[in-house]
Amino acid sequence: MVSIGLLSDTHGYWDNRYADFFSPCDEIWHAGDIGSMEVYNKLMEICSVRAVVGNCDGYPLRTFLRPELSFTVEGVNVFMTHIGGYPGKYAPGIAAKLVANKTNLFIAGHSHILKAVYDHKLKLLHINPGAAGLQGWQKVRTLARFKIDGEKIKDLEIKEFPLRTY
């Protein structure tokens, strides 16, 4: 069993409570718009990180992160990108990539909208962890955590933080 921490759209913002929430995780996945090497390095201090570059990410993140990742954890095929849409409204070309990769779990960010929905047509789970940063129109900052046990994705937890910390 592997414990996964998931976030997106930090836009260079870090809250030390993120480390507490992700401390039991084996891996952290960041679905783009990290915003700074400082945020990436803080995640790496917790555990191993898989991340994709987002549309707002610049140098140096663009020098070593790719826009898409396809990988397998336990028995689950994962496809992660920043701008991917969601079931019923995928970004252009994404549905074909999900099928080609035999995806079981599709991770995307960008929208700043927390969403976990099953796509019955493609037979996959889609998770967008919302936005962990301050930039954007979201009302709260959100993080996710879940487990992959063989072919099962389970125990999804969501953590909300106020948008502003005063």
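Annotation: Cα Rg of the stretch 33-93 relative to the compact-globule expectation 2.2 N^0.38 Å equals 1.24. Using bins of 10 Å that start at zero, the share of Cα-Cα pairs per bin across the stretch 81-166 amounts to 17, 45, 30, 8, 1, in whole %. Comparing 29, 137, 14 in a Gaussian network model of the chain where C-alpha atoms under 10 Å apart are linked, the largest mean-square fluctuation is found at 137.
If only the Cβ of Lys and Arg carry +1 and only the Cβ of Asp and Glu carry -1, the dipole of the chain around its Cα centre is close to 480 debye.
Share of carbon and sulfur in the accessible area of the chain stands at 52%, probe radius 1.4 Å.
When peptides 106-119, 150-163 are ranked by their average number of other Cβ atoms within 10 Å per residue, the highest-first order is 106-119, 150-163.
Computed from Cα atoms alone, the Kirkwood hydrodynamic radius reported for the stretch 1-144 is 15.0 Å. Tell me which trypsin sites (Lys or Arg not before Pro) from the stretch 21-106 have a DSSP coil assignment and no more than 13 other beta carbons within 10 Å of their own. Within the stretch 21-106, the qualifying trypsin sites (Lys or Arg not before Pro) (loop, at most 13 other Cβ atoms within 10 Å) are 102. Summarising the label geometry, the points placed 7 Å from Cα in the beta-carbon direction at residue 45 and residue 160 lie 2.9 nm from one another.
Accessible surface area normalised per residue over the stretch 81-166 is 55 Å², counting heavy atoms of protein chains with a 1.4 Å rolling probe. Note on the stretch 44-90: with charges restricted to the Cβ of Lys and Arg (+1) and Asp and Glu (-1), its dipole about the Cα centre is near 160 debye. Computed per residue of the chain from DSSP H runs no shorter than four, each worth -39500 (n - 2.57), the mean residue ellipticity at 222 nm is -4000 deg cm²/dmol. Using the Cβ-Cβ distance between residue 16 and residue 121 with R0 set to 35 Å, the FRET efficiency from 1/(1 + (r/R0)^6) comes to roughly 0.30. Once C-alpha pairs closer than 8 Å and six or more residues apart are averaged by separation and normalised to the residue number of the chain, the relative contact order reads 24 percent.
Output the pairs from 123/159; 89/147; 123/154 with a Cα-Cα distance over 20 Å in this structure; if there are none, say none. Beyond 20 Å between Cα atoms: 123/159; 89/147.
Here the extension length gained between residue 69 and residue 2 equals 22.3 nm, from 0.36 nm per residue of separation less the Cα-Cα distance. For the stretch 36-114, relative contact order (Cα pairs under 8 Å, six or more residues apart, normalised by length) works out to 25 percent.
The values are calculated or read from the model by the stated rules, or taken from the named source; none is laboratory data. What you see is a predicted model, and the numbers here were worked out from it, not measured in a lab. Cβ: placed from backbone, ideal geometry, glycine included. Neighbour counts: every protein chain shown. The area values use the complete protein model at the heavy-atom level, side chains included, leaving out ligands, DNA and RNA. Shrake-Rupley method; radii C 1.70, N 1.55, O 1.52, S 1.80 Å.
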